[in-house]
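Read through the structure below, which is laid out as structure tokens, and then see the notes.
The values are calculated or read from the model by the stated rules, or taken from the named source; none is laboratory data. Since the model is a prediction, treat every value here as computed from it, not as a measurement. Please note: Cβ atoms are built from the backbone with ideal geometry, for glycine as well, and neighbour counts cover all protein chains shown.
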Amino acid sequence: MARQSIDAKPMPQVAILLIEDCWASSAVLARELLQASGTLLADSPDLAAHRLFDVRLVAATRRTVSSFGGMTLKPEATLDAAAPDVVIVPAQFAPSADTTPAEARLGAWLRAQHERGALIVSLGGALLLAKAGLLDRREATGLVSERAIFRSRFPLVRFLPSRRIVVSGGLVTVCGIAPAPEACAWLVEQFHGAAAARRFLRHTSSEGLPAREQTLLWSSRFKRHGDAPVLAAQELVERELHAAPRLGWLAAQVGLSERSLQRRLHAATGLNLRDYLAELRLERAETLLRGSALALVHVAADCGFGSTAAFTRAFAARYGRPPGAYRRARRAD
């Protein structure tokens, strides 16, 4: 499927997978959030003129699909005809631990889409991803009611239902329906940039993710590689950002030489450690300024800056104004 953005680039194609006994609200909410995303940025109600995504409901056949509550949903395309950039998997009502033949077919299709590079987003549908084998040896979140199934049937999945949203290797899992705007904002950011995603969230969500989870979402764009030691180093950097981790310590933790870690980090992300740290610090600082009342000295410390003055200089260089002025301007928006 093509990708097309505001600049007339190919438009990202989004397939919302319709499953029997799904939560229709999950599928419809994701569809309408993404359909409206462009109008929210343009301050215009013209959906066709300002759309950012081509969103379609897809299923195994063209037959209508029934939600658990009896609502019928009509597919706009079949799996055979779809080659999306993004697949959204809605939640199912009271899913079984066993894999049905229909789920096995859907799982094979999901694996094929992931292998060809599509992003897979679960809005409470993590169990289907687990049945497809996509979550083995990964962190994922989902419904608390499914914890026992994950523990007994999918022990290779690190299931974390306390987390609202988890991103791992092109797979996004969301705990239920409520964080759907954050998941859609993540998609807006992947294809249209951080500024567009932030404006989208201001229109669609009254809740803010914790700063660490927002940092994890932001950094996921740099984690679509398969270099395990580099991924481990990235996770350590995010966890220890306040302590300003040094190259020698990181290299020792992941079993590489300093030179090898720098080389592999740059090959995987396009950034050396210094630049990667700087990007993470500024991203988390912006999140804290926007969503908390922390004093600047505490924001600086939490993000690993050596002093408030160093933080102020770096922030002003990136965002065009010092942190205090930036916070006041955002609150006035």
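Observations, loosely collected:
- Selected residue (only one of Arg239, Arg274, Arg246 is at pLDDT below 95, within 18 Å of Arg318 (Cβ to Cβ) and basic (Lys, Arg)): Arg274
- Residue pairs meeting the criteria (Cβ under 6 Å; at least 6 apart or on separate chains; first closer than 14 Å to Pro179 by Cβ, in segment 138-165; second buried (at least 16 other Cβ atoms within 10 Å of the Cβ) and basic (Lys, Arg)): Thr141/Arg163
- Scanning segment 278-333 for residues that are buried (at least 20 other Cβ atoms within 10 Å of the Cβ) and outside any helix (DSSP H, G or I), we see that the one that is nearest to the chain's Cα centre (by Cα) is Cys303.
- Considering Ala278, Ala285, the condition of being in contact with a helix residue (DSSP H, G or I) (Cβ under 9 Å, 6 or more places away or on another chain), under 20 Å from Leu201 (Cβ atoms), free of Cβ contacts under 8 Å to residues at least 60 places away in the same chain and not acidic (Asp, Glu) is satisfied by Ala285 alone.
- Taken over segment 157-192, the criterion of being in contact with a His (Cβ under 9 Å, 6 or more places away or on another chain) and part of a strand (DSSP E or B) is satisfied by Leu171 alone.
- Subset of segment 37-81 (residues that are without any contact (Cβ under 8 Å) to a residue 40 or more places away in the chain, within 22 Å of Ala183 (Cβ to Cβ) and aliphatic (A, V, I, L, M)): Ala42, Leu47, Leu79
- Counted residues, segment 298-333 - those being farther than 15 Å from Arg281 by Cβ and modelled with pLDDT under 90: 7
- Count of residues meeting criterion [over 21 Å from Leu106 (Cα atoms), touching a helix residue (DSSP H, G or I) at 6+ places or on another chain (Cβ under 8 Å) and surrounded by fewer than 22 Cβ atoms within 10 Å (Cβ to Cβ)] in segment 128-164: 3
- Annotation note: Cβ proximity below 9 Å between a residue of segment 88-109 that is in the same structural domain as Arg31 (by TED's automatic domain parsing) and modelled with pLDDT of 90 or more and a residue that is assigned to a strand (DSSP E or B) and hydroxyl-bearing (Ser, Thr, Tyr) (sequence gap 6+ or interchain) occurs for Ile88/Ser122; Val89/Ser122; Pro90/Ser122.
- Residues of segment 147-171 that turn out to be charged (D, E, K, R) and either within 21 Å of the chain's Cα centre (by Cα) or at pLDDT below 85 (or both), as a count: 3
- Total residues in segment 121-153, condition assigned to a strand (DSSP E or B) and out of contact with any Gly (no Cβ under 6 Å at 6 or more places or on another chain): 5
- Selection from segment 92-110 of residues that are more than 18 Å from Ile120 (Cβ to Cβ) and of a type in the set (D, E, K, R): Asp98
- There is at least one residue in segment 203-226 that is in contact with a Cys (Cβ under 8 Å, 6 or more places away or on another chain) and at pLDDT below 80.
- Subset tally (residues that are in a loop (DSSP other than H, G, I, E, B), charged (D, E, K, R) and on the phi < 0 side of the Ramachandran plot) for segment 42-77: 6
- Any hit, segment 40-56, residues being over 17 Å from Ala196 (Cβ atoms), of a type in the set (A, V, I, L, M) and touching a helix residue (DSSP H, G or I) at 6+ places or on another chain (Cβ under 7 Å): no
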